[in-house]
Amino acid sequence: MTHFPSEFSLDEVTKEMLLAVIEKKKKWERLEKRATVLQAASFIGVAVFLLYVIANAAAVATWGERFAWFFATPAHIFILLLLCTVYWTAVYYKGKSEKAEEDFHALRCEIIQKSIDLWKDEEQWNGRHRLFAWLKQEYDINLYYEHS
């Protein structure tokens, strides 16, 4: 659970919105990391498997014999299916990551647009820049501008 430093006096609505934007940022980063790891794993796996197939299939003379050699070993089919599954999972997480990014940016923009309503009195309005700097430093969340 995220706690804000005591120097920031926030009402419950503002606090909940800020907590939500922090959670959405964490979710987006988590999904982005998963997608990247799975993409790298599928790329490395395909490269290694392709090198293995090329090295071992070179000993067989014709293309028909090469296909027969490849499909005669059940492990080849299993590895191929495994690599396809890893790639498909990477695509799935990439889509979820893009959706999480859209959700994060939508909430971030909503907070920016409603700043006047969220920080009503002058003391809160003047102190919000310290809060924005803290959010930028701790979570890399920019609430200064919508387009960044």
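The values are calculated or read from the model by the stated rules, or taken from the named source; none is laboratory data. Because the structure is a prediction, the values reported are computed rather than measured. Here the Cβ positions follow ideal geometry from the backbone for every residue, glycine too, while neighbour counts run over all protein chains shown. Ligands, DNA and RNA are excluded from the accessible area calculation, which covers all protein heavy atoms including side chains. Shrake-Rupley method; radii C 1.70, N 1.55, O 1.52, S 1.80 Å.
I'd like to verify a number: residues in segment 139-148 that are assigned to a loop (DSSP other than H, G, I, E, B), open to solvent by less than 100 Å² (accessible area, probe 1.4 Å) and not hydrophobic (A, V, I, L, M, F, W, C), how many? Residues meeting the conditions: 5.
Pull up segment 117-130, narrow it to residues that are open to solvent by 60 Å² or more (accessible area, probe 1.4 Å) and in contact with a Phe, Trp or Tyr (Cβ under 8 Å, 6 or more places away or on another chain), then point me to the one that is modelled with the highest pLDDT. Steps first, please.
Pass one, segment 117-130, residues open to solvent by 60 Å² or more (accessible area, probe 1.4 Å): 117, 120-123, 125-126, 129-130.
Right, trim to in contact with a Phe, Trp or Tyr (Cβ under 8 Å, 6 or more places away or on another chain) and you get 125, 130.
Details: Trp125: 83, Arg130: 88.
Result: Arg130.
When Val21 is tested against (1) β-branched (Val, Ile, Thr); (2) within 29 Å of Tyr92 (Cβ to Cβ); (3) surrounded by fewer than 16 Cβ atoms within 10 Å (Cβ to Cβ), just one condition goes unmet, and that condition is (3). Checked against (1) in contact with a Phe, Trp or Tyr (Cβ under 9 Å, 6 or more places away or on another chain); (2) more than 27 Å from Val37 (Cβ to Cβ); (3) assigned to a helix (DSSP H, G or I), Lys136 meets all criteria but (2). State yes or no: is Leu83 in contact with a helix residue (DSSP H, G or I) (Cβ under 8 Å, 6 or more places away or on another chain), closer than 19 Å to Asp11 by Cβ and either open to solvent by less than 60 Å² (accessible area, probe 1.4 Å) or touching a residue at least 12 places away in the same chain (Cβ under 8 Å) (or both)? No: the conditions fail for Leu83.
Evaluate the following for Val53: is it modelled with pLDDT under 95, open to solvent by less than 50 Å² (accessible area, probe 1.4 Å), under 39 Å from the mean Cα position of the chain (by Cα) and hydrophobic (A, V, I, L, M, F, W, C)? For Val53, the condition - modelled with pLDDT under 95, open to solvent by less than 50 Å² (accessible area, probe 1.4 Å), under 39 Å from the mean Cα position of the chain (by Cα) and hydrophobic (A, V, I, L, M, F, W, C) - is met.
Those residues that are in contact (Cβ under 8 Å) with a residue 60 or more places away in the chain and more than 14 Å from Leu18 (Cα to Cα), I need them from segment 113-129; list them, please. Correct list: Glu123, Gln124, Gly127. When you check Glu65 against the structure, is it open to solvent by 80 Å² or more (accessible area, probe 1.4 Å) and within 30 Å of Leu118 (Cβ to Cβ), yes or no? No.
Please pick out the residue among Ala100, Ala106, Ala133 that is small (Gly, Ala, Ser) and open to solvent by 50 Å² or more (accessible area, probe 1.4 Å).
Working: Ala100 fails: open to solvent by 50 Å² or more (accessible area, probe 1.4 Å); Ala133 fails: open to solvent by 50 Å² or more (accessible area, probe 1.4 Å).
One residue alone meets the criteria, Ala106.
With respect to Phe78, determine if the residue is out of contact with any Asp or Glu (no Cβ under 9 Å at 6 or more places or on another chain), surrounded by fewer than 12 Cβ atoms within 10 Å (Cβ to Cβ) and over 21 Å from Lys27 (Cβ atoms). It is true that Phe78 is out of contact with any Asp or Glu (no Cβ under 9 Å at 6 or more places or on another chain), surrounded by fewer than 12 Cβ atoms within 10 Å (Cβ to Cβ) and over 21 Å from Lys27 (Cβ atoms).
Among the residues of segment 98-112, not one is without any contact (Cβ under 8 Å) to a residue 60 or more places away in the chain, closer than 17 Å to Tyr139 by Cα and of a type in the set (Lys, Arg).
When residues in segment 21-72 are screened for being touching a residue at least 24 places away in the same chain (Cβ under 8 Å) and of a type in the set (Asp, Glu), 1 of them pass.
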